[in-house]
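The values are calculated or read from the model by the stated rules, or taken from the named source; none is laboratory data. Computed from a prediction, not measured in an experiment: that's the story for all the values here. Backbone-built Cβ (ideal geometry, glycine too); neighbour counts: all protein chains shown. Accessible surface areas use protein heavy atoms only, side chains included; no ligands, DNA or RNA. Shrake-Rupley method; radii C 1.70, N 1.55, O 1.52, S 1.80 Å.
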Amino acid sequence: MDLWFTEKHAPGVKLSIRVEKQLYCGQSEFQQIDVFESKEFGRFLTLDGYMMLTEKDEFIYHDMIVHVPMAVHPKVRRVLVIGGGDGGAVRELARYPEIEQIDLVEIDEEVVNVCREYLPFTACGFEDPRVKLHFQDGLKFVRRCENEYDLILVDSTDPFGPGEGLFTREFYGNCFKALKEDGIMVNQHESPFYSVDALAMQRAHKRIVQSFPISRVYQAHIPTYPSGHWLFGFASKKYHPLKDLDTKGWKELGISTRYYNTKLHRGAFALPNYVEELLRNVEHID
Ligand code: SAM
């Protein structure tokens with residue numbers, strides 16, 4: 001029998017991956033959780049039928065959400081990860097000895113349990129003593145934080161379902177308040193390519209620009225996400241993602257990565273004209 005996972009990326013576009021085996025299928029309080037095994041992409045996790053990560057290309061997403069801000073901020077001690085229940089971002093953060101505390105706020109404990117069992121390649125950092133897990137809504141968690149974090153990573157699902165609140169102006173304002181005076185927030189910023197994703201990306205960008213004095217967007221190629229062209233937002237109170245990049249300092253840490261390097265860091269902020277235009281179009285709208 002031929003078994004395929006298919007995700008609709010745009011009204012007339014679908015991505016299909018041939019599945020060898022379904023390893024897990026369950027409905028949590030918040031979403032449908034599935035884990036599949038495939039020849040080309042290895043194991044992969046989907047939530048409500050949307051691709052979250054695959055064994056083959058997760059390193060790109062997790063390198064880019066973590067190492068870009070870590071190579072800019074000179075002294076990260078406390079980090080907040082919102083979402084990220086697969087553990088990939090925590091795994092990369094845990095490689096920095098300078099980090100003292102990592103709070104992971106995941107709304108769905110089942111995602112963490114399932115990833116611990118089926119995706120040990122991402123869920124391998126949870127046992128680090130610096131990591132504290134909080135199973136609650138990230139929107140509520142940040143409301144009561146003030147001047148606590150050097151870095152916030154918003155590693156969320158898309159702006160519908162449980163992730164919807166993590167794309168609101170209220171949320172970005174609370175992240176600003178939760179950061180110290182030189183803090184950085186990085187968020188997964190959707191894709192500029194298909195129109196529905198591009199609208200979500202513009203909406204998020206407009207709200208972040210209104211909440212932070214420095215706000216830049218950078219890109220990566222993630223084959224299993226819609227169009228493969230994915231963006232991240234870099235929002236900051238003080239540090240500029242390029243002017244404050246500490247190439248020498250980051251290289252001296254000796255962290256080996258399969259995707260990120262400091263040359264690519266610079267290049268990732270050079271966006272195609274059509275993306276620049278999409279961003280510019282919303283930057284000054286009230
Ligand atoms: N790399 C992924 C992507 O862009 O597709 C994101 C992966 S991670 C699995 C996303 C996590 O965010 C999910 O486990 C989901 O449960 C969590 N999440 C969604 N809404 C949330 C909220 N309001 N607060 C905390 N976590 C949330």
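General observations
- Of the residues Arg18, Arg91, the single one that is out of contact with any helix residue (DSSP H, G or I) (no Cβ under 9 Å at 6 or more places or on another chain) and among the charged types (D, E, K, R) is Arg18.
For every residue, the table says whether it meets (1) assigned by TED's automatic domain parsing to the domain that holds Ala220; (2) among the polar types (S, T, N, Q); (3) within 10 Å of the ligand (Cβ to nearest atom); (4) in contact with a His (Cβ under 7 Å, 6 or more places away or on another chain).
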site	(1), (2), (3), (4)
Glu7	no, no, no, no
Val13	no, no, no, no
Gln31	no, yes, yes, no
Val76	yes, no, no, no
Asp86	yes, no, yes, no
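- Residues in segment 57-96 that are part of a helix (DSSP H, G or I) and small (Gly, Ala, Ser) were compared, and the one that is nearest to Leu47 (Cα to Cα) is Gly88.
Yes/no matrix, rows are residues, columns are (1) among the small types (Gly, Ala, Ser); (2) modelled with pLDDT under 95:
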position: Leu245; (1), (2): no, no
position: Leu253; (1), (2): no, no
position: Ser256; (1), (2): yes, no
position: Tyr260; (1), (2): no, no
position: Leu264; (1), (2): no, no
position: Leu279; (1), (2): no, no
position: Val282; (1), (2): no, yes
position: Asp286; (1), (2): no, yes
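- Comparison of Asp48, Asp86 shows that the only residue that is within 27 Å of Arg143 (Cβ to Cβ), surrounded by fewer than 22 Cβ atoms within 10 Å (Cβ to Cβ) and in contact with a helix residue (DSSP H, G or I) (Cβ under 7 Å, 6 or more places away or on another chain) is Asp48.
- Flag if Ile65 is in the same structural domain as Gln188 (by TED's automatic domain parsing), out of contact with any Phe, Trp or Tyr (no Cβ under 7 Å at 6 or more places or on another chain) and of a type in the set (A, V, I, L, M): no
- Members of segment 171-201 that are β-branched (Val, Ile, Thr) and either open to solvent by 10 Å² or more (accessible area, probe 1.4 Å) or within 13 Å of the ligand (Cβ to nearest atom) (or both): Val186, Val196
- Residue within segment 150-170 that is within 11 Å of the ligand (Cβ to nearest atom), of a type in the set (D, E, K, R) and within 27 Å of Asp244 (Cα to Cα) present: yes
- Subset tally (residues that are touching an Asp or Glu at 6+ places or on another chain (Cβ under 6 Å), open to solvent by 60 Å² or more (accessible area, probe 1.4 Å) and assigned to a loop (DSSP other than H, G, I, E, B)) for segment 97-140: 1
- Among the residues of segment 99-117, those identified as away from the ligand (no atom under 13 Å from the Cβ) and either touching a helix residue (DSSP H, G or I) at 6+ places or on another chain (Cβ under 9 Å) or among the small types (Gly, Ala, Ser) (or both) are Ile99, Ile102.
- The residue of segment 55-72 that is surrounded by the fewest Cβ atoms within 10 Å (Cβ to Cβ), among those that are under 14 Å from Tyr259 (Cβ atoms) and touching a Ser or Thr at 6+ places or on another chain (Cβ under 9 Å), is Lys56.
- Note on segment 235-271: residues that are within 24 Å of Tyr194 (Cα to Cα) and either surrounded by 12 or more Cβ atoms within 10 Å (Cβ to Cβ) or of a type in the set (S, T, N, Q) (or both) amount to 4.
- Residue within segment 191-200 that is closer than 23 Å to His240 by Cα, modelled with pLDDT of 95 or more and in a helix (DSSP H, G or I) present: no
- Any chance Phe160 is within 28 Å of Glu29 (Cβ to Cβ) and either surrounded by fewer than 19 Cβ atoms within 10 Å (Cβ to Cβ) or in contact with an Asp or Glu (Cβ under 6 Å, 6 or more places away or on another chain) (or both): yes
- Residues considered: Ala198, Ala270, Ala220, Ala235. Of these, the only one that is over 23 Å from Tyr149 (Cα atoms), outside the structural domain of Leu47 (by TED's automatic domain parsing) and within 15 Å of the chain's Cα centre (by Cα) is Ala220.
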